[in-house]
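K.L.:
Once you've had a glance at the structure underneath, I'll fire off some questions.
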Amino acid sequence: MKKITVLTPTYNRGSLLKHLYQSLCIQEFVDFEWIIVSDGSEDRTEEIVDEFKKEKRLDIRFIKKENGGKPSAHNAGVLAADSELTVICDDDDYMAPMALKVIAERWEADDCVGGMIGYMGESETKILGGRLFPKGLNQVSRLSDIFKEGIFDTVQIYKTEILKSNLFPIEPTEKFVPEIWCWTEIDKYYKLIVIPEILEIAKYLPGGLTRSGSQNMWNNPIGYSHYFRQRSELHKGGWRQMKYFGIYQGLRWAKKYPVECGGKILKFFSSPISIYVMCRMAFLRVFKKRM
């Protein structure tokens, strides 16, 4: 078993992997594996990874699967991981030079701690978003408490066994579930060790999920229904609960899926929102057919 798994789901971006590969080759800490999950890529991804393997500089495992979206690729990589900790590094990102050493040195196993959190960088010296962890923030904190400070551009490292127990819910006809769904599920039970250092550098590119906008929701209504159900359960007893539940219920109604939670009163008062969501989805279906 390795100490760390670096997990990279990828789709038709083989040409981007070289920068990440080079950043892993210069890591001082070497007790790690790199798992690359090709989610139905039709470019030269497999050939490029084979070239990396021939150099024998890293422990690389390549998983090839049918295209099913990033969440399914994430699940496949997590299930294959053989390590204590897992850090996800997207194909258009790369690791800071000392990142894995910092992760290994700062890690302290504890039943209440699920992993660690550090900065995502715009560069190796500039924090993405520019917001620092507050000085008064505890060394061990909930992800939700960090988000409340307006700090969203972060890198999370989790115990691999926890990720294996919190896989994304996958719908056969859809390809996306918001990533925050997984992190929020874990946040219900575990805290994270706060590392005020840049661990990854992000290079968001056109075509990435980060920039794909709200259209994802209409294309993946059941995947998003899991997210809005979760939001509703986190905001009990107020307008936001009704709003989130209404969206959840509307997405499920539109796809003729059962509504699996919520009392009669909540369902009733959320119905206008649900009806709007259903009508919006029906309009989009008609619009697509006419295109």
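The values are calculated or read from the model by the stated rules, or taken from the named source; none is laboratory data. What you see is a predicted model; the values in this text were computed from it and never measured. Backbone-built Cβ (ideal geometry, glycine too); neighbour counts: all protein chains shown. Note: areas computed on protein heavy atoms with side chains; ligands, DNA, RNA excluded. Shrake-Rupley method; radii C 1.70, N 1.55, O 1.52, S 1.80 Å.
K.L.:
Show the residue pairs meeting these rules: Cβ distance below 8 Å; 6+ apart or different chains; first residue within the stretch 16-27 and more than 12 Å from GLU200 (Cβ to Cβ); second residue aliphatic (A, V, I, L, M) and in a helix (DSSP H, G or I).
P.N.:
Listed by first residue and then by second, the contacts come to LEU17/ILE48; LEU17/VAL49; LYS18/ILE48; GLN27/ALA99; GLN27/LEU100.
K.L.:
Among the residues of the stretch 41-62, write down those that are touching a helix residue (DSSP H, G or I) at 6+ places or on another chain (Cβ under 9 Å) and assigned to a loop (DSSP other than H, G, I, E, B).
P.N.:
Within the stretch 41-62, SER41, ASP43, ARG44, ARG57, LEU58 meet the criteria.
K.L.:
Taking the criterion of being touching a Leu at 6+ places or on another chain (Cβ under 6 Å) and either free of Cβ contacts under 8 Å to residues at least 60 places away in the same chain or over 17 Å from ASP153 (Cα atoms) (or both), would at least one residue in the stretch 102-123 satisfy it?
P.N.:
no
K.L.:
Can you pull out the residues in the stretch 29-40 that are more than 30 Å from TYR224 (Cα to Cα), in contact with a helix residue (DSSP H, G or I) (Cβ under 8 Å, 6 or more places away or on another chain) and open to solvent by less than 20 Å² (accessible area, probe 1.4 Å)?
P.N.:
The one that is more than 30 Å from TYR224 (Cα to Cα), in contact with a helix residue (DSSP H, G or I) (Cβ under 8 Å, 6 or more places away or on another chain) and open to solvent by less than 20 Å² (accessible area, probe 1.4 Å): PHE32.
K.L.:
So which residues in the stretch 8-28 are open to solvent by less than 60 Å² (accessible area, probe 1.4 Å) and of a type in the set (Ser, Thr, Tyr), if there are any at all?
P.N.:
THR8, THR10, TYR21, SER23
K.L.:
When you scan the stretch 189-205, do you find a residue that is over 25 Å from MET98 (Cβ atoms) and within 16 Å of the chain's Cα centre (by Cα), even just one?
P.N.:
No, the stretch 189-205 has no match at all.
K.L.:
When the residues of the stretch 221-256 are narrowed to those that are within 19 Å of ALA282 (Cα to Cα) and charged (D, E, K, R), which ends up most open to solvent (accessible area, probe 1.4 Å)?
P.N.:
Filtering the stretch 221-256 for residues that are within 19 Å of ALA282 (Cα to Cα) and charged (D, E, K, R), the one most open to solvent (accessible area, probe 1.4 Å) comes out as LYS256.
K.L.:
Identify all residues within the stretch 148-182 that are open to solvent by less than 50 Å² (accessible area, probe 1.4 Å), more than 17 Å from ALA81 (Cβ to Cβ) and among the aromatic types (Phe, Trp, Tyr); write none if there are none.
P.N.:
If the condition is that a residue be open to solvent by less than 50 Å² (accessible area, probe 1.4 Å), more than 17 Å from ALA81 (Cβ to Cβ) and among the aromatic types (Phe, Trp, Tyr), then PHE176, TRP181 are the ones that fit.
K.L.:
Then there is this: Does ASP82 qualify as being farther than 30 Å from ALA109 by Cα and open to solvent by 10 Å² or more (accessible area, probe 1.4 Å)?
P.N.:
No: the conditions fail for ASP82.
K.L.:
So, one more: Kindly list the number of the only condition in (1) among the charged types (D, E, K, R); (2) modelled with pLDDT under 95; (3) over 30 Å from TRP218 (Cα atoms) that fails for LYS159.
P.N.:
The number of the failed condition is (2).
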